[in-house]
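Presented below is the structure to which this report refers.
The values are calculated or read from the model by the stated rules, or taken from the named source; none is laboratory data. Computed from a predicted model, the values in this text were never measured in an experiment. Note: ideal-geometry Cβ built from the backbone for every residue, glycine included; neighbour counts use all protein chains shown. Accessible surface is based on the protein model in full, side chains and every heavy atom, while ligands, DNA and RNA are left aside. Shrake-Rupley method; radii C 1.70, N 1.55, O 1.52, S 1.80 Å.
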Amino acid sequence: QVAILDAMCDDRIEVLDFMKSARVGYTKMLLAAVGYFAHHKRRNQVVYQPTDDDSDDFCKTELEPMLRDVPVMASVFPTHLQRHKDNTLKQKKFIGSILHLRGGKAAKNYRRLTVDVVVLDEIDGFDQDIEGEGDPNRLSGKRLEGATFPKHIRGSTPKIKGASHIERGHDAADLRLRFHVPCPECGHEHPLAWGDRRAQHGMKWTDGQPDTIRQLCPECGALYDQAAYLRVWQRGRWKAADGTWIDDRTGTWRDARDAEIQPPRHVAFHVWTAYSPQATWPAIAREYLQAVAAKRSGDPSPLKTFKNTTLGETYEEVFEQADGNALKERAEDYPLR
């Protein structure tokens, strides 16, 4: 979480997309960033949730406990324990800045706001087109025009392939990063992968025995379990395909030759449940086997849930499609009369 928090609050980075599974601590990171911008930077912010009800729930169950329980916030939010016009479900007025809280389904909620920081939480729960006025990324991005240090943070568990806001944002980033861990046997750095039966890496287990699940190193072929992973994960680092990586100790960005560089304007991170010490790998394997069994029985919803909330990936329905070339070959001249 260190590098993601640093990127959220790095003025050099304007857009951050975080495509994730469930239960990886994103909400707590988001709260930390909101508090940081209010306490240290004095920047106006807006946090969008998919609906007005979601926004109210976020305020009551997540934001207000943070403002109450983190001692330093009292120095910039003196009305945190009072019924006051500066402390409502829609607005928190800090000393030197304002935090707006909005639902994302109504076009009016994107108007008349000028801020420095825009956060879209669970953006795949937003409509594709907000009341005919455009997609939420573009509408919310307009709120940043004129900001000296604009910051656009978008995070979500992805949903349907081809209709996923977070996947589009992730794929459009200048750099996409995965967390690489060293193999306990050979030291080769690689991201944890789910894989499949044919893959030369990823999670493997003996048929019918999910408790035997191991990660297969793509370099040396060693199989290691979650206990071995937990012994080495703190030596891991976020890396992109071109070798760019982030040094958590100093917050610096470095290229493949370890030379310090400036971060790009738009970065993206992807992480899934296997990285979390709160989830066990055998439980992930059992969830997958149950989802596959349900799919064979005609219910694809558990597999969709597994793809979205465990792997942090979009779900794509498999169905027959017409071959475009075959259709063209069947075309006939049609004379106009």
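Structure data summary
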read-out: Quarter of Cα convex hull surface for the stretch 218-284, i.e. mean projection, nm²; value: 6.1 nm²
read-out: Isotropically averaged projected area of the stretch 18-130, using the convex hull of Cα atoms (one quarter of hull area), nm²; value: 7.2 nm²
read-out: Nonlocal amide H pairs with GLY202, under 5 Å, H built at 1.01 Å; value: ALA193, LEU216
read-out: Under 5 Å, built H, 5+ apart or other chain: amide partners of PHE269; value: ASP17, PHE18, MET19, LEU177
read-out: Diffusion coefficient, µm² s⁻¹, Stokes-Einstein with Kirkwood Rh over alpha-carbon pairs of the chain at 4 °C and 1.567 mPa s; value: 59 µm²/s
read-out: Two-decimal log10 I(q)/I(0) for the stretch 65-160, as the Debye equation yields it once each C-alpha is a single scatterer, q = 0.15, 0.17, 0.21 Å⁻¹; value: -0.70, -0.87, -1.12
read-out: Where TRP281, TRP194 fall by accessible area, highest first, once all protein chains stay in place (1.4 Å); value: TRP194, TRP281
read-out: Rel. contact order, % - alpha carbon contacts under 8 angstrom, at least six apart, the chain; value: 21 percent
read-out: In nm, spacing of pseudo-spin labels at ASP211 and LEU327 (7 Å Cα→C-beta vector); value: 5.2 nm
read-out: Low-density loop positions, chymotrypsin sites (Phe, Trp or Tyr not before Pro), the stretch 254-327 - DSSP coil, at most 12 other Cβ in 10 Å; value: PHE319
read-out: All-pairs alpha carbon distance profile, the stretch 202-337, 5 Å steps from 0, percent; value: 2, 7, 12, 13, 14, 12, 11, 9, 7, 5, 3, 2, 2, 1, 0, 0
read-out: Viscosity 1.002 mPa s, temperature 20 °C, Stokes-Einstein D of the stretch 171-256 from Kirkwood C-alpha radius, µm²/s; value: 153 µm²/s
read-out: Restricting the stretch 95-176 to GluC sites (Glu not before Pro) in coil, as DSSP defines it, with at most 11 other Cβ within 10 Å; value: GLU145
read-out: Heavy-atom accessible surface of the chain: percent carbon and sulfur, 1.4 Å; value: 48 percent
read-out: Cysteines without a disulfide-compatible partner [the chain; Cβ-Cβ under 4.7 Å]; value: CYS9, CYS59
read-out: Hull-based mean projected area of the stretch 110-247, where the convex hull spans the alpha carbons, in square nanometres; value: 11.6 nm²
read-out: In Hz, Karplus ³J(HN,Hα) per residue of the stretch 191-200 (6.51, -1.76, 1.60; θ = phi - 60°; x = Gly, Pro); value: x, 5, 10, 7, x, 7, 4, 8, 6, 8
